[in-house]
Amino acid sequence: RTSTIDVFEALPVLLAEDFSQCEHLTVIAPSSSLLYIPDPVHIQKIASLLPTSYLLMGTIQENRGGYSLLLRLLIPDQQKIVVVGSVDGQISTLSEMRTAILQKVIETMEIKCKVPEIAQISNVDAFEKYLRALHLMQLNSGTELDSAKTLLLRAIQIDHSFGLAYGALADIKLRMFSASNDSQFLQAAGEYPQRAL
């Protein structure tokens, strides 16, 4: 079984969506930052290649069934890293952890905006499968997309009303349509959001 820490590999995707709902913030795809090593030695390279004022970095440690995320903000213009703080929790409290991360980062950036409401997790097992699938989707290869699809279908079996999982399945079908131009994938991509509704 994969370590639960691997589930947190999907956290940048979730946080990018969360931050994009905040006023006065524009968020680039989290996958862009994966190409660079986020440390002071590489700040200038990141600043020249990514059009960003801040880069959020985090490390995670497992602690007796719980997890602790240490957050830092890389500020390329000033060539410095600011410690934001830490957030503790478990997969079951990931919604609260995301809210705490948003609040701490927004406060550190000294931006006044309302923190978006994040839906509570209704089924931890289904949500964990969804997170694993999100991570695999970021890798964007055929094998990973097949594995992601399997995980999402399992998540839906567990929780039939899991709208995010249906949306991710639609995304996979759209990618398959784009790669093959096979209209059956496009039709399936349209059916998943209807099932979610």
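Quick look at the values:
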quantity: Accessible surface of the stretch 39-197 [probe 1.4 Å, protein heavy atoms]: carbon and sulfur percent; calculated: 48
quantity: Structure-based [θ]222 nm, the chain - -39500 (n - 2.57) summed over DSSP H runs of at least 4, per residue, nearest 500; calculated: -16500 deg cm²/dmol
quantity: Protection proxy ranking of 20-28, 134-142, 146-154 - average other beta-carbon atoms within 10 Å, highest first; calculated: 146-154, 134-142, 20-28
quantity: Anchor K173: lysines whose Cα lies under 28 Å away (excluding residues fewer than 8 positions away in-chain); calculated: K129, K149
quantity: Distant-in-sequence amide H partners of V84 (H built 1.01 Å from N, under 5 Å); calculated: L71, R72, L73
quantity: Relative contact order, percent, the stretch 114-197 [alpha-carbon distance under 8 Å, six or more residues apart]; calculated: 24
quantity: Cα point-scatterer Debye curve for the stretch 103-183, base-10 log of I(q)/I(0) at q = 0.16, 0.19, 0.26 Å⁻¹; calculated: -0.69, -0.81, -1.12
quantity: Span-rule helices in the chain, defined as complete DSSP H runs reaching 18 Å or more along the axis (Cα) with Kyte mean at least 0.5; calculated: 163-180
quantity: Å² of accessible area per residue within the stretch 105-197, as computed with a 1.4 Å probe and no ligands counted; calculated: 58
quantity: Amide H contacts of I121 (H built 1.01 Å from N, under 5 Å, at least 5 apart or other chain); calculated: S95
quantity: Candidate lysines for bridging to K80, where Cα separation is under 20 Å - those fewer than 8 sequence places away on the same chain excluded; calculated: K45, K104
quantity: Cα Rg, Dmax, the stretch 36-192, angstrom units; calculated: 18.6, 50
quantity: For the chain: relative contact order, % (alpha-carbon pairs under 8 angstrom, 6 or more apart); calculated: 15
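The values are calculated or read from the model by the stated rules, or taken from the named source; none is laboratory data. Treat the numbers as computed from the prediction; the structure is a model and nothing was measured. Because the Cβ atoms are built from the backbone with ideal geometry, glycine has one as well, and the counts that use them run over all protein chains shown. The area values use the complete protein model at the heavy-atom level, side chains included, leaving out ligands, DNA and RNA. Shrake-Rupley method; radii C 1.70, N 1.55, O 1.52, S 1.80 Å.
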